[in-house]
Amino acid sequence: MDTSSEVKGVQHYSSVVNGYEFGDLWSGAEGGVIKIWPWESIEKSLALTPEERHMSASLDRSYIDLRTQVTVNGVCSISNSDVKYLLSDNCRAKVWTAGSQSFSLWDARTRELLKVFNIDGQVENRVDLSSLQDTSIEEDMKVKLVSGSKKEKPQGSFSFFQRSRNALMGAADAVRRVAKGALDEHRKTEAMLLTVGGMVWTGCANGFLVQWDGNGNRIQDFQHHSASVQCFCTLGTRIWVGYVSGTVQVLDLKGNLLGEWVAHCSPIIKMAVGYGYVFTLANHGGIRGWSITSPSPFDKILRSELASKETHYKKLENLKILAGTWNVGQERASHDSLLAWLGSAASEVAIVVVGLQEVEMGAGFLAMSAAKETVGLEGSSIGQWWMDNIGRILDEGTTFERGGSRQLAGLLIVVWVRKCLMPHIGDIEAAAVPCGFGRAIGNKGAVGLRMRVYGRAMCFVNCHLAAHLEAVTRRNADFDHIYRNMIFNRPSNLLNAAAGMVPYLFLSCSLACCAYLFWLLYSSGLPFILSVAAGVSSVGQMLRVTNASGTNTEEGKPELSEADMVVFLGDFNYRLHGISYDEARDFISQRCFDWLREKDQLRAEMKAGKVFQGMREGVIRFPPTYKFEKNQAGLAGYDSGEKKRIPAWCDRIIYRDSRTLFAPVSECNLECPVVSSILHYDACMDATDSDHKPVRCIFSVDVAQTDDSIRRQEFGKIIESNQKIKSLLGELCKVPETIVSTNNIILQNKDTSLLRITNKSGKDEAVFEIVCEGQSTIKEDGETSDPCTRGSFGYPRWLEVTPAAGVIKPGHVAEISMHHEEFHTLEEFVDGVAQSWLCEDTRDKEVVLLVIIRGSCSTKTGSHRICVRNSSSSLRVNSKRNDSAKNQANVLHRSVRPINGSSDVAEDLRNLHMPS
């Protein structure tokens, strides 16, 4: 076959699951190329001897190029974007071809293009504009430059302002275009599925699940999870969805969420059903199997039984975590300060988390940072300096590895992991939430990292809250905004190529121009993007935030609430109230910290339940860390200037573990998997580089994990020994009893005959699908030739079966239309071009259809066989008979034999004769 372009998708337009097909082979490739190898050509090729196959190249050239068929006057009706998915609709004889943001719908019988539509379901104009879009920004900029050159050269400062404004307006327009493209990028289609009910499901990069009918109409959409959809699979009346977060969800055919769980600690890239399990493949190579019956009535029993045996398969791990925070006041620390703060403490820990505030500030920098965030860029050279220098203190590369980082304006958080622990670390994700200037600028706000340690989710959040003594309510509101809106996502490089021109536009301007540009964008319609994008780690999170009005879309529950351990560190800016500067200095000099703590705003607000709810802090035994004169050692260095700011514990570390979710004194177990205690909580008073002192906290953390091999053994013992579970499992896997109205059908002269399938079960749904076992030719003596399988159970083109799959409710009857269709075919195609005239095959044919029946969540099947004859000779002899005679010819014989088991089906298939 032609391999001149990279094949992106292939669909043998016939399979056991998708049964309304004609044996054709469809392929999709890059550049929007779609080719079909007709079954007639494949059948001829299969009939060749091995020697003839070696010498023949007929199949290689016998494809139909659909793209050339829908190109008129050089304009193609379909997009030239890569074909990512091919889907065969067995109920309607249609094929879906899909790219990232568009779909094409084809008639599988005639191979005609029916519809082209986008991810919103809107019908496109069938004109490929991609080449125009690629250069639209550049052309717009050229027009502006040319039109400007034709004008008379302006004079004075006003003309300079006008030129600057025009240039910046062009930059703003470019930002809008890039941002819009980025938003579309994160709505792109990542997975596609056809369900037994005839609906098509697509999964998007922003977590949306979209339901389409068979005609390409968008029915509804759902978002049960905020991570990107990666794959689907289905069986019966259930749909399984795999996400980039490692989560698996189970839905019914209406989109209702039945259950979900974390299957892997990395993205799920493929799922398959077999042997009573849904198997999930993660991108790290791990494969796990999950019962297709879950969630089910016996899950509660099984969980209870497994919990009672927890001691057999539970393992406890202990590790130490060092968390450090420092408001560096736009200064760079000396080597000695970093060593005193982190060096000695890091020698005994496995994880080091560092949060810095005010790494870099100033109006120009903040504006530039916000603009960069809009197009998915973050970080600065000074932030990199801090990471490199702290890395040298920690012996990065030899003892520790840098796990992840996130910078938002002056906020920076970085995590280092000891190399021996790295195999147990996964899913390091970043997030950011701005709180300054209308919740859009990062002078205040938070950055966070989430990671899995021994399979348990731990979050670290570096905050800088509102300043000033009286702004207690604003600080509380900042925390609440951060907690509700921190949405983690893996760093994305998808925007780097698309937005490559934007940093040039910004960096070529002065800082004053950057500030003006930010104002310009803010006032010209872009604050919507800034207010969202400036606080996320990728543009993919923009939609996730806006769709929930600023909160996580997954049932309105903040992501931080679902972590097993959360650590907040940073400059929280809570002050001492009801005390004067001199009184505070006196108590500090006497080290009367207990009395000073009673004046602490944060302590009072936490006690009232207004902030950091459910969290706790270690006992403070160190002096207030704010405010000091720079480069002055000792407690005499407190601010003695004109303002005489009252010393305060602005710099804090607060945490919670699993105990606050269950019971305050729970031991570490699989239900309360993370239990931590504080070993050290102190400030490094020797560092004088900033007006704040750095603070550090060392946690001792117990983590409970499961020994999967032992747990599987216990699981098997329970399934074998618990009679109630065995009984419930047998009921779920039972195949409903069904009968069919006939096992012989004769069709001619465009007849239509109905096949009725009755579900005799009073409580279970029956799922059916109809496939073609093979086709025979009726000989002159009335005997049939040996059956020939047709391209993995594809239907012959003279037979339409509608619907070919579906669900039958208990006690209901499904009616299946068997329709005869005269079919004219082109005998041969070479390089996509027809080589002969249309002709009609008038020989009598007979096909054997297999009606496969299963329960709503069972891999066990039963079956009925139906013989359908295309009687062309009878048509020629009896073309003038009346309708009543025609109906008498199509005698419907009731099937009285019981349905076969799945083993009988497999045996029957093995007995079929294949072409030599």
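The values are calculated or read from the model by the stated rules, or taken from the named source; none is laboratory data. If you're wondering where the values come from, they're calculated on a predicted model, not measured in any experiment. Every residue, glycine as well, gets a Cβ built from its backbone with ideal geometry; the counts of neighbours run over all protein chains shown. Please note that ligands, DNA and RNA were not included when accessible areas were found on the heavy atoms of the full protein model with its side chains. Shrake-Rupley method; radii C 1.70, N 1.55, O 1.52, S 1.80 Å.
Only residues in segment 60-76 that are under 14 Å from Leu25 (Cβ atoms) count as the first member; pair them with residues that are basic (Lys, Arg) and modelled with pLDDT of 85 or more, Cβ under 6 angstrom, at least 6 apart or cross-chain, and list the lot. Note: pairs meeting the criteria are Tyr63/Lys35; Asp65/Lys35. Apart from one condition, Ala98 fits all of (1) in contact with a Lys or Arg (Cβ under 7 Å, 6 or more places away or on another chain); (2) surrounded by fewer than 21 Cβ atoms within 10 Å (Cβ to Cβ); (3) among the small types (Gly, Ala, Ser); the exception is (2).
Quick grid of which residues meet (1) at pLDDT below 90; (2) crowded, with 18+ Cβ neighbours inside 10 Å:
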| residue | (1), (2) |
| --- | --- |
| Ala179 | yes, yes |
| Met199 | yes, yes |
| Asn217 | no, no |
| Val229 | no, yes |
| Ser245 | yes, yes |
| Leu251 | no, yes |
| Met271 | no, yes |
| Gly286 | yes, no |
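Looking across segment 686-736, the residues that are open to solvent by less than 30 Å² (accessible area, probe 1.4 Å), in a strand (DSSP E or B) and either farther than 19 Å from Gly355 by Cα or not aromatic (Phe, Trp, Tyr) (or both) come down to Val695, Cys697, Ile698, Ser700, Val701, Val703, Ala704.
Could you count how many residues in segment 744-762 are farther than 30 Å from Glu731 by Cβ and either without any contact (Cβ under 8 Å) to a residue 40 or more places away in the chain or not small (Gly, Ala, Ser) (or both)? Of the residues in that region, 10 qualify.
Selection within segment 297-329: residues that are touching a strand residue (DSSP E or B) at 6+ places or on another chain (Cβ under 9 Å) and of a type in the set (Ser, Thr, Tyr). The member of this set that is surrounded by the fewest Cβ atoms within 10 Å (Cβ to Cβ) is Tyr313. Checking each residue in segment 256-279 for being among the hydrophobic types (A, V, I, L, M, F, W, C) and part of a loop (DSSP other than H, G, I, E, B) picks out Ala263, Cys265. When segment 598-629 is examined, which residues are found to be assigned to a helix (DSSP H, G or I), in contact with a strand residue (DSSP E or B) (Cβ under 9 Å, 6 or more places away or on another chain) and of a type in the set (D, E, K, R)? The answer is Arg603, and nothing else.
Enumerate the pairs (first residue in segment 321-345 and acidic (Asp, Glu); second residue anywhere and open to solvent by less than 10 Å² (accessible area, probe 1.4 Å)) with beta-carbon separation below 8 Å, excluding pairs fewer than 6 apart on the same chain, so at least 6 apart or on different chains. Correct list of pairs: Glu331/Ser690. Got at least one residue in segment 543-563 being in contact with an Asp or Glu (Cβ under 8 Å, 6 or more places away or on another chain), open to solvent by less than 10 Å² (accessible area, probe 1.4 Å) and either at pLDDT 90 or above or within 24 Å of Ala467 (Cα to Cα) (or both)? Taking every residue of segment 543-563 in turn, none turns out to be in contact with an Asp or Glu (Cβ under 8 Å, 6 or more places away or on another chain), open to solvent by less than 10 Å² (accessible area, probe 1.4 Å) and either at pLDDT 90 or above or within 24 Å of Ala467 (Cα to Cα) (or both).
For segment 435-458, give me the residue count where each residue is of a type in the set (A, V, I, L, M, F, W, C) and in contact with a helix residue (DSSP H, G or I) (Cβ under 6 Å, 6 or more places away or on another chain). Of the residues in that region, 4 qualify.
Scanning segment 622-648 for residues that are more than 18 Å from Arg332 (Cα to Cα) and loosely packed, with under 12 Cβ neighbours inside 10 Å yields a total of 5. Return the residue satisfying two criteria in turn: it lies in segment 274-284 and is more than 15 Å from the chain's Cα centre (by Cα) and open to solvent by less than 50 Å² (accessible area, probe 1.4 Å), and of such residues it is modelled with the lowest pLDDT. Checked segment 274-284; the qualifying residue modelled with the lowest pLDDT is Gly276. If the condition is being free of Cβ contacts under 8 Å to residues at least 60 places away in the same chain, open to solvent by less than 50 Å² (accessible area, probe 1.4 Å) and either under 22 Å from Pro647 (Cα atoms) or charged (D, E, K, R) (or both), then segment 468-487 contributes only Asp478. On the given criteria, is Ala683 more than 39 Å from the chain's Cα centre (by Cα), open to solvent by less than 20 Å² (accessible area, probe 1.4 Å) and modelled with pLDDT of 85 or more? Yes, satisfied.
Could you tell me whether Asp600 is among the charged types (D, E, K, R), closer than 26 Å to Ile482 by Cα and within 42 Å of the chain's Cα centre (by Cα)? No, not satisfied. Can Ile579 be described as β-branched (Val, Ile, Thr), surrounded by fewer than 23 Cβ atoms within 10 Å (Cβ to Cβ) and either in a helix (DSSP H, G or I) or modelled with pLDDT under 90 (or both)? Answer is no for this residue. Given the criteria at pLDDT below 90 and either buried (at least 21 other Cβ atoms within 10 Å of the Cβ) or out of contact with any strand residue (DSSP E or B) (no Cβ under 8 Å at 6 or more places or on another chain) (or both), does Glu667 qualify? Judged against the criteria, Glu667 is not a match. If you filter segment 434-465 down to residues that are outside any strand (DSSP E or B) and within 17 Å of Met486 (Cβ to Cβ), you find that the one that is most open to solvent (accessible area, probe 1.4 Å) is Arg439.
Considering only residues that are in a loop (DSSP other than H, G, I, E, B) and either more than 18 Å from Lys115 (Cα to Cα) or aliphatic (A, V, I, L, M) (or both), which ones fall in segment 199-236? Those that are in a loop (DSSP other than H, G, I, E, B) and either more than 18 Å from Lys115 (Cα to Cα) or aliphatic (A, V, I, L, M) (or both): Met199, Ala205, Asn206, Gly207, Phe208, Gln223, His224, His225, Ser226, Ala227, Ser228, Gly236.
Taken over segment 453-466, the residue count meeting the criterion of being at pLDDT 90 or above and farther than 18 Å from Gln407 by Cα is 6.
In segment 458-471, is there at least one residue being in contact with a strand residue (DSSP E or B) (Cβ under 6 Å, 6 or more places away or on another chain) and either over 19 Å from Asn327 (Cα atoms) or hydroxyl-bearing (Ser, Thr, Tyr) (or both)? Yes, segment 458-471 contains a residue that is in contact with a strand residue (DSSP E or B) (Cβ under 6 Å, 6 or more places away or on another chain) and either over 19 Å from Asn327 (Cα atoms) or hydroxyl-bearing (Ser, Thr, Tyr) (or both).
When both residues are 6+ apart or on different chains and their Cβ atoms are under 6 Å apart, which pairs have a first residue that lies in segment 23-35 and is at positive phi, and a second that is among the charged types (D, E, K, R)? Filtered contacts from segment 23-35: Gly23/Arg790.
For every residue, the table says whether it meets (1) open to solvent by less than 30 Å² (accessible area, probe 1.4 Å); (2) part of a helix (DSSP H, G or I); (3) at pLDDT below 85; (4) over 20 Å from Thr189 (Cα atoms).
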residue	(1), (2), (3), (4)
Ser45	yes, yes, yes, yes
Thr68	no, yes, yes, yes
Ser81	no, no, yes, no
Phe103	yes, no, no, no
Trp106	yes, no, no, no
Thr110	no, no, yes, yes
Asp128	no, no, yes, no
Gly148	no, yes, yes, yes
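Being closer than 23 Å to Arg332 by Cα, among the charged types (D, E, K, R) and either open to solvent by less than 10 Å² (accessible area, probe 1.4 Å) or at pLDDT 95 or above (or both) is a description that applies to Arg406.
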